[in-house]
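Structure first, commentary second.
Taken together, the values in this text are just the output of simple stated rules run on the coordinates, not laboratory data. In this text the structure is predicted, and so the values were computed from the model without any measurement. Glycine also receives a Cβ, built like all others from the backbone with ideal geometry; neighbour counts cover every protein chain displayed.
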Amino acid sequence: MEKGKLIVLEDRVPKLQEQRKQKANRRLILYLSLFFILILFIVYSQSSLSNVSNIEVQGNKHVSDKDIVKASGLSKKTSYWKADADQIQEKVEKNLEVKEAVIHKTFPNKVVIDVKEYARIAYVTSGNKYFPVNENGKVLKEVSAKKVSSEAPLLIDWKDGEAIQSMVQELAKTPKSIKGAISEIYYAPTKSEPLHIEVFMNDTREVSGKISNFSDKIVHYPAIASKLRDDQKGIIDLEEGYAFKPYKKSKQ
């Protein structure tokens, strides 16, 4: 019996050695693979292959892609690994028109800048020049007439900075549908009412009001206008109460 057992063990020795050899080979292959992957990663990260090659800007309407990318500090010479999302966000949000920026990095070398802009509430005019005003009250650089949005009214003859800020605050609280129906707003203070304004609507009617309660009063304009015939043109007085004053024939 002992001799029989010895023969069986001797037969198994070559098989055990072969299994150990196979395990050792697999381990060696694994280590070599990891080593070469590490070498490739180091070469990639240290070479121009790891630079940002695709910069995409989304959500912008008024600020150009070029200006957003310039503000971000990104270029095709920027390493993907050194492109810090928080720093890029901080740089982009320094633009007066950018309300929020979210940065998405996609391996191996793509960066997406998702922008949310401040709404343009109005345009201050000076001669033939147009200066956009944001919802946060910032007066921006001049834009061409082609870039003036019909969704925001023109503020004409406004030279008082505080009055502009107050008017912008009121417009920010005004529903978009009504704001889009306003063509021009004139600052026309009087002795009795220093905040008096004259508002011209796209339907050719005029509204007399004041800055301080404009957003509360103008919401009633659609209901008042709906009760007037198309040929009834005049001034809708919203300063204190609600009244309609037809134009005189000479003014028509």
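Structure notes:
- Alpha-carbon centroids, region 69-142 and region 144-185: separation in whole Å: 23
- Sorted largest first, extent of region 177-252 alpha carbons per principal axis (Å): 32, 31, 22
- Most fluctuating residue given options Asn60, Asn136, Asn128, as computed from a GNM of the chain linking Cα atoms under 10 Å: Asn128
- Sorting the segments 28-34, 50-56, 180-186 by their mean number of nearby beta carbons within 10 angstrom, highest to lowest, gives 180-186, 50-56, 28-34.
- Projected label points at Lys61 and Ser192, each 7 Å from Cα along the beta carbon direction, are separated by 4.0 nanometres.
- Rg ratio (alpha-carbon, reference 2.2 N^0.38 Å) - region 118-206: 1.01
- Check: region 134-220 dipole with +1 on Lys, Arg Cβ and -1 on Asp, Glu Cβ, in debye: 240
- The value given for region 156-211 is a Kirkwood hydrodynamic radius of 11.7 Å, derived from the mean inverse Cα-Cα separation.
- Computed from label points 7 Å out along Cα-Cβ, the spacing between Asp84 and Ala145 is 4.8 nm.
- Label positions at Asn128 and Lys159, each projected 7 Å from the Cα along the C-beta direction, are separated by 2.2 nm.
- Bridge type composition, region 39-194 - antiparallel percent by DSSP, nearest 5: 65
- Hull shadow area, averaged, region 19-128 [alpha-carbon convex hull, nm²]: 9.7
- Placed amide H near Asn51: partners under 5 Å, 5+ positions off or other chain: Tyr80
- Between amide H atoms placed 1.01 Å from N, distances below 5 Å from Phe244 occur with Asp237, all of them 5 or more places distant or on a separate chain.
- For the chain, diffusion coefficient by Stokes-Einstein and Kirkwood Rh (Cα), 37 °C, 0.692 mPa s, µm²/s: 137
- A viscosity of 1.306 mPa s and a temperature of 10 °C, combined with the Kirkwood radius over C-alpha pairs in the Stokes-Einstein formula, give region 43-94 a diffusion coefficient of 134 µm²/s.
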